[in-house]
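The values are calculated or read from the model by the stated rules, or taken from the named source; none is laboratory data. Just so you know, these numbers come straight off a predicted model, no measurement behind them. Cβ sites come from the backbone with ideal geometry, for glycine too, and all protein chains shown count toward neighbours. Surface accessibility is based on the protein's heavy atoms, side chains included, excluding ligands, DNA and RNA. Shrake-Rupley method; radii C 1.70, N 1.55, O 1.52, S 1.80 Å.
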Amino acid sequence: MNTTIDIKITQTSTSKLSTTDFDNLQFGQTISDHMFIADFKDGEWTDFRVEPYAPLMLNPANATLHYGQSVFEGMKAYKSKAGETLIFRADANQKRLNNSAKRLCIPEVPEDLFMEGLKKLLEIDNEWIPNRAGYSLYIRPFVFATDDYLGIRPSNKYKFIIFTCPVGHYYAKPVTVKVETAYSRACEGGTGFAKAAGNYAGSLYPASLVQKQGYDQLLWTDSKSHQNIEESGTMNIMFVINDTLFTAPLTTSTILAGITRDSVLTLAREMGMNVEERFVTVTELEDALHSGQLKEAFGTGTAATIAHISLINVNEEDYHLPEKPKDSFSYKILEELDAIKYGKKEDTHGWIMKLQ
Ligand SMILES: *Cc1c(COP(=O)(O)O)cnc(C)c1O
């Protein structure tokens, strides 16, 4: 492929491939041999390179460490039966990275830089993309400030890095959740819509409190009334109430525009499902749980695709949801999405980027 992006390549002399246990992959713990790096300085991105994955040298005054100017993405590549590399909706991740970047005064990463860097990295680490059923390569692009200066202003220097992790079949264990009505993840006008590092730091403490009570995750509500269910903090949340699929709209600045969310909504509409993008209130959820009208609840996100919710705590009351039957909506959607991602089904949406 002809490209204007000149990428310098330094291959590792000590590949970890032969010593990696692909039977016991823990999410995010096994990292592939190489990473892609670009530096931003003097107003432009320069110095594009693929290097062995290795620690970075940072000055203690590094701006990110103090003020958190850092945004990231998460996406996946899959191997088709024929051995091609299929990357799912990378264009959407590139756009979202820049939406997040803009909110934090981080320079945008041009599309060609993002795509050429990604393709080169996956070409070099091609053997790290597992070709086993249900496995994939998790891809982590991120941008962070590198000025060494204690003063609150946008940094002048940044790094854009992509590294990858092979991940095993995510046996999505059903999750238990608690509706949170005291703490907030995001507020109107804030950074909730951005994949900004600080959002996750602020979520840890409230999450640790519900985990102590035995729940896996919390369901955030809006920061003002605590009546509207927003999302779960790493996943968007969907409910099937009677025959309608509900999920929070993207009309506030508090919801992360999940690419899995968008894919599920697209497929749901094509299947003829009623879809409503609007907030479900805590009271509505409670009523639907009481009356049995809540048929399914699940989270959507790149890591698990669909995470079935087996228990919801609302106002200190636990409600158990039925096991996920094979004729359920979320089961069908998961099958459909997996078929597209692994190239078993025709990609009619232009979601797959194929590398030879
Ligand atoms: C990443 C993320 C999601 C899921 O987005 P996907 O693009 O589907 O992976 C949902 N909510 C938050 C807060 C997230 O950070």
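Applying a threshold of 9 Å to beta carbon distances and a minimum spacing of six or more residues, or different chains, the list of pairs starting in region 96-114 at a residue that is more than 16 Å from the ligand (Cβ to nearest atom) and ending at one that is aliphatic (A, V, I, L, M) and in a helix (DSSP H, G or I) reads PRO107/ALA101; GLU108/LEU97; GLU108/ALA101; VAL109/LEU97; VAL109/ALA101. Among the residues making up region 55-75, those that are open to solvent by less than 40 Å² (accessible area, probe 1.4 Å) and not in a helix (DSSP H, G or I) are ALA61, ASN62, GLY68, GLN69, SER70, VAL71, PHE72, GLU73, GLY74, MET75. Being among the acidic types (Asp, Glu), surrounded by 20 or more Cβ atoms within 10 Å (Cβ to Cβ) and part of a strand (DSSP E or B) is a property that GLU276 lacks.
Rundown of residues vs (1) within 17 Å of GLU127 (Cα to Cα); (2) touching an Asp or Glu at 6+ places or on another chain (Cβ under 8 Å), yes/no style:
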{"site": "SER13", "(1), (2)": "yes, no"}
{"site": "SER18", "(1), (2)": "yes, no"}
{"site": "ASP21", "(1), (2)": "yes, no"}
{"site": "LEU25", "(1), (2)": "yes, no"}
{"site": "ILE31", "(1), (2)": "yes, no"}
{"site": "HIS34", "(1), (2)": "yes, yes"}
{"site": "ASP39", "(1), (2)": "no, yes"}
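So for region 248-258 (the condition being more than 13 Å from the ligand (Cβ to nearest atom) and crowded, with 20+ Cβ neighbours inside 10 Å), does at least one residue qualify? No: region 248-258 contains no residue that is more than 13 Å from the ligand (Cβ to nearest atom) and crowded, with 20+ Cβ neighbours inside 10 Å. Taken over region 316-352, the criterion of being in contact with a helix residue (DSSP H, G or I) (Cβ under 7 Å, 6 or more places away or on another chain), over 19 Å from ALA133 (Cα atoms) and at pLDDT 95 or above is satisfied by TYR319, HIS349, TRP351.
So that you can scan it fast, the table gives a plain yes or no per residue for (1) assigned to a strand (DSSP E or B); (2) out of contact with any Lys or Arg (no Cβ under 6 Å at 6 or more places or on another chain); (3) of a type in the set (A, V, I, L, M); (4) open to solvent by 10 Å² or more (accessible area, probe 1.4 Å):
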position	(1), (2), (3), (4)
ALA77	yes, yes, yes, no
ILE87	yes, yes, yes, no
ASP91	no, yes, no, yes
VAL109	no, yes, yes, no
MET115	no, yes, yes, yes
LEU118	no, yes, yes, no
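Scanning region 93-107 for residues that are buried (at least 17 other Cβ atoms within 10 Å of the Cβ) and part of a loop (DSSP other than H, G, I, E, B) returns LEU104, ILE106, PRO107. I'd like the full set of residues that are open to solvent by less than 20 Å² (accessible area, probe 1.4 Å) and either part of a strand (DSSP E or B) or not assigned by TED's automatic domain parsing to the domain that holds LEU97 (or both), limited to region 152-167. TYR158, PHE160, ILE161, ILE162, THR164, CYS165, PRO166, VAL167 - these are the residues of region 152-167 that are open to solvent by less than 20 Å² (accessible area, probe 1.4 Å) and either part of a strand (DSSP E or B) or not assigned by TED's automatic domain parsing to the domain that holds LEU97 (or both).
The residues listed here are ASP21, ASP39; of these, the one that is more than 16 Å from the ligand (Cβ to nearest atom) and open to solvent by 30 Å² or more (accessible area, probe 1.4 Å) is ASP21.
Within region 1-52, if we keep just the residues that are part of a loop (DSSP other than H, G, I, E, B) and aromatic (Phe, Trp, Tyr), the residue that is nearest to the chain's Cα centre (by Cα) turns out to be PHE27.
In the set (1) of a type in the set (A, V, I, L, M); (2) closer than 13 Å to ILE139 by Cα; (3) within 16 Å of the ligand (Cβ to nearest atom), the condition left unmet by LEU86 is number (3).
Among the residues of region 325-335, just one is under 21 Å from LYS79 (Cβ atoms) and open to solvent by less than 50 Å² (accessible area, probe 1.4 Å), namely LEU334.
When the residues of region 211-231 are narrowed to those that are more than 16 Å from the ligand (Cβ to nearest atom) and either more than 21 Å from ILE306 (Cβ to Cβ) or in a strand (DSSP E or B) (or both), which ends up nearest to the chain's Cα centre (by Cα)? Per the criteria, the residue is GLN211.
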